[in-house]
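Below is one structure; the comments refer to it alone.
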Amino acid sequence: MGHHSNWPEWIYIGVVIALMVWVGSEAWNAERLVEHIPADAEVIKVTGQQWFWTFEHEDGTKEIGELHVKVGKAYKFEITSKDVDHAFNIHDYVVLLDAVPGRINTVWFAPKEVGEHAIQCREYCGLIHYNMRGTLYIEEADKKS
Amino acid sequence: MVLELQKPRPIWQIMFSTHHTDVGLMYLLTSLTFFFMGGALALGIRAELFYPGSQIIADSMTFNRMFTVHGTTLIFLFLLPFASAVGNYFIPIMVRYKDMAYPKLNAIAFWMIPPAAALVWLGFADFTWYATPPYSIISAPGPAADMWIFGLKILGVSSVLGAINFIVTILKCKHPDMSMGQVPLLAWSFLTSSLIVLVAIPTFAAALLMLLTDRLGVSGFFNPAMGGDPIAYQHLFWFTFHPEVYVLVIPAIGMMYEIIPRFSRKPIFSHSSGIFAFVLLSMVSFSSWAHHMYATGMSFTEKTVFMIGTLAAVPASAMHVFNFIATMWNGRIKFATPMMWAVGGIALFFSAGAGGVVNAAMPLDFQTHDSYWVVGHFHLFVMGTIAFGSIGFLYYMFPYITGRMYNERMGQVHFVMSFIGTVMVFFTQHVLGLYGMPRRVYDYPPIPEWITMNQIATVGAMIIGTSMVIFLINMIYSSGKGKIADTDDPFNLGGKYYWPYEAKNPHH
Ligand code: HEM
Ligand SMILES: [Cu+2]
Ligand SMILES: [Cu+2]
């Protein structure tokens, strides 16, 4: 075993640790901001069950497999499941949270532009997991629904 | 001849022997058998995903069962037994003892694997390799799920028995002239990974029992319909299986520590930093389990704690990479097959770790979690790092076991094809994940980018599959007909770099 000096290794480890501290603090800060739910966010109750999504708006209207929202508003999803675990996912808006029976998980988002986006399930839930899909319709703020 | 297989002996003498090299051989053959069986399932999965719609698999239930058994098989019936094979061959020799500390226990630990494997394969369960409730309680069909649970239970006991044996062999049977600091890094890797097994496995063993009684309806630990908490299962599961991923990777790094210095014809850059990094990794491996659960609805504080715990493991992994590079630096490197696999494995280890850091950073994980990214991430470890290290090591052991040389050209073709294939499959899967493709899906919408990426991945998988056929032919042909190897220095490394261990353990 050689008795050489180890300083390059120490410098290298120092750099790695510094990088991790940087990544960690950036991540911490970003997540803190992302999780701050605006007070005026409208609640949408999301229920997963084998193998479709049900949405209930604050005014009591329900939708299955489709979700209509308006540009410029903030929405808070209250997500749960009727049977097994699912994961509610709007990938284009980085909305992802498990739907767990017996629990309500919350996540929020604010649609920016009119358009259509895929809703999917991202937690294995059995036979038709691959097709537990839906569509998010983002509409003009003034349009009547 | 150290790991001899030369004197022809009837097969039953090898099967029912308790000698460490015989048990090692049984582990090795078992592990390779399941490597090919599990690999065949992977090719089926990739073929199905080549194009949207149904290709070769008739229904999603079959598909779901295939990836469940694929994952279970390659982790528990390929990687773990492979490590045990290497440990059995090498640990007693490295610590200069005549056998494992408890030879009979050793054979028993091995013989628990075939019945467990039969349960897993005959059941062919569909609830993924982590059997999450409530699906695994209320939805997973029939005896398949129970058979899987019993199979895993048996494998867990086998792992614990094996770990005890390695720990005792290293700590208690080590030659008195040898200090712990002189124990080779491969043996250190087995010591630390075995310690992780002892601490980690009991938790999952308990969870499996709870799952079973939940399925029988006599308890409701994880069943929300009975007031239970399904998330509790995930904590128990990952408390075992995050550390367990290090149980898999640490021996593979140990194998690279055998190969790299020898084929660089230089001593290891720092033996003590290798030991330090192993010990550190085995401890921090317990601080990060819930990074698999960011999306279950954990609080901000919980997520922060587990992110820090995860990032804390990175410097220790990075130390190994440094040690490898510093060892190769200015070495007279000989790129024979084992060295190629080891170096390729280190490169993929580095990429895998970088992807892991992305997963660990909590806002980013919501991009990657449960998408194809994660599949790419952990395959860069399990295939790119661990299987690469293991296959390289198998080439390295080959002359010592069989007394013959494998075909070098075929070994190199095997490596090049596997490396290209691995990059094609698992790097593209990262991209697929960023596009949003969920994992564990039988079918996907015909989005052009998704189709292209899936096709690249499938072609890559076929390249890997082809290279494995070359591998198989090489192994079978060369063990009977290969050139007789000079077992003092089969790789022609010269000088002091040949077989360094003195102990020779003849059969008793
Ligand atoms: C630098 C070290 C590592 C870091 C930072 C890291 C980080 C992570 C994170 C955060 C996840 C969760 C991703 C998600 O589900 O969203 C994950 C998943 C995973 N990692 Fe790693 N990891 C590291 C090393 C390893 C090693 C060494 C292995 C295997 C030998 C491994 C195997 C896995 C597996 C199997 C999964 C996914 C399990 C599943 O969902 O089926 N990781 N990793
Ligand atoms: Cu699902
Ligand atoms: Cu983990």
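Odds and ends about this structure:
- Which listed residue is away from ligand 3 (no atom under 16 Å from the Cβ), open to solvent by 20 Å² or more (accessible area, probe 1.4 Å) and among the small types (Gly, Ala, Ser), from B:SER270, B:SER299: B:SER299
- Residues of segment A:12-21 that are among the small types (Gly, Ala, Ser) and open to solvent by 40 Å² or more (accessible area, probe 1.4 Å): A:ALA18 alone.
- For the residues B:PHE67, B:PHE76, the requirement of being of a type in the set (Phe, Trp, Tyr) and either crowded, with 24+ Cβ neighbours inside 10 Å or more than 17 Å from B:HIS379 (Cβ to Cβ) (or both) singles out B:PHE76.
- Close pairs (7 angstrom Cβ cut-off, 6 or more residues apart or separate chains): within 20 Å of A:GLU42 (Cβ to Cβ) and more than 7 Å from chain B (Cβ to nearest Cβ) in segment A:95-110, modelled with pLDDT under 95 and surrounded by 23 or more Cβ atoms within 10 Å (Cβ to Cβ) anywhere: none
- Pair list, Cβ under 7 Å, 6 or more apart: segment A:116-136 residue under 22 Å from B:PRO134 (Cβ atoms) and at the interface with another protein chain (Cβ under 7 Å from one of its Cβ atoms), other residue β-branched (Val, Ile, Thr) and buried (at least 24 other Cβ atoms within 10 Å of the Cβ): A:CYS125/A:VAL84; A:GLY126/A:VAL84
Matching residues to (1) touching a Gly at 6+ places or on another chain (Cβ under 8 Å); (2) farther than 25 Å from B:GLY38 by Cα:
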| site | (1), (2) |
| --- | --- |
| B:SER351 | yes, no |
| B:VAL357 | no, yes |
| B:TRP373 | yes, no |
| B:HIS379 | no, no |
| B:GLY403 | no, yes |
| B:PRO448 | no, yes |
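- No other residue among B:MET453, B:MET362, B:MET437 is free of Cβ contacts under 8 Å to residues at least 40 places away in the same chain and not polar (S, T, N, Q) apart from B:MET453.
- Test: residue in segment B:143-166 that is over 25 Å from the mean Cα position of the chain (by Cα), open to solvent by 10 Å² or more (accessible area, probe 1.4 Å) and more than 29 Å from B:LEU195 (Cβ to Cβ): yes
- Some residue of segment B:417-436 being crowded, with 22+ Cβ neighbours inside 10 Å and touching a strand residue (DSSP E or B) at 6+ places or on another chain (Cβ under 7 Å): yes
- Of all residue pairs spaced 6 or more apart or on separate chains, those with beta-carbon atoms under 6 Å, a first member in segment B:231-245 that is in contact (Cβ under 8 Å) with a residue 24 or more places away in the chain and a second member that is within 9 Å of ligand 3 (Cβ to nearest atom) are B:TRP238/B:TRP289; B:TRP238/B:HIS292; B:PHE239/B:TRP289; B:HIS242/B:SER288; B:HIS242/B:TRP289; B:PRO243/B:SER285.
- Those helices (runs of 4 or more DSSP H) of segment B:302-377 in which 1 or more residues are more than 14 Å from ligand 3 (Cβ to nearest atom) and within 10 Å of chain A (Cβ to nearest Cβ) occupy B:313-328, B:362-368.
- Candidate set from segment B:276-296 (those that are within 8 Å of ligand 1 (Cβ to nearest atom) and open to solvent by less than 10 Å² (accessible area, probe 1.4 Å)); member that is nearest to the other protein chains (Cβ to nearest Cβ): B:ALA295
- Annotation note: of B:ALA200, B:ALA225, B:ALA205, the sole residue that is away from ligand 1 (no atom under 14 Å from the Cβ), closer than 26 Å to B:ALA83 by Cα and part of a helix (DSSP H, G or I) is B:ALA205.
- Some residue of segment B:38-48 being at pLDDT below 95 and crowded, with 17+ Cβ neighbours inside 10 Å: no
- Checked against (1) open to solvent by 30 Å² or more (accessible area, probe 1.4 Å); (2) closer than 22 Å to B:PHE237 by Cβ; (3) more than 14 Å from ligand 3 (Cβ to nearest atom), B:ARG265 passes all but condition (2).
- Among the residues of segment A:78-90, some residue qualifies, meaning at least one is within 16 Å of ligand 1 (Cβ to nearest atom) and either more than 10 Å from every other protein chain (Cβ to nearest Cβ) or among the small types (Gly, Ala, Ser) (or both).
- Scanning segment A:22-49 for residues that are crowded, with 17+ Cβ neighbours inside 10 Å and either within 14 Å of chain B (Cβ to nearest Cβ) or of a type in the set (Ser, Thr, Tyr) (or both) returns A:VAL23, A:GLY24, A:ALA27, A:TRP28, A:GLU31, A:VAL46, A:THR47, A:GLY48, A:GLN49.
- On the stretch given as segment A:99-130, residues that are closer than 16 Å to A:ASP85 by Cβ and open to solvent by less than 40 Å² (accessible area, probe 1.4 Å) total 13.
The values are calculated or read from the model by the stated rules, or taken from the named source; none is laboratory data. Since this is a predicted model, take the numbers as computed values, not measurements. Don't worry about glycine lacking a Cβ; one is built from the backbone with ideal geometry, like all the others, and counts go over all protein chains shown. Heads up: the accessible areas ignore ligands, DNA and RNA and are worked out on the full protein's heavy atoms, side chains in. Shrake-Rupley method; radii C 1.70, N 1.55, O 1.52, S 1.80 Å.
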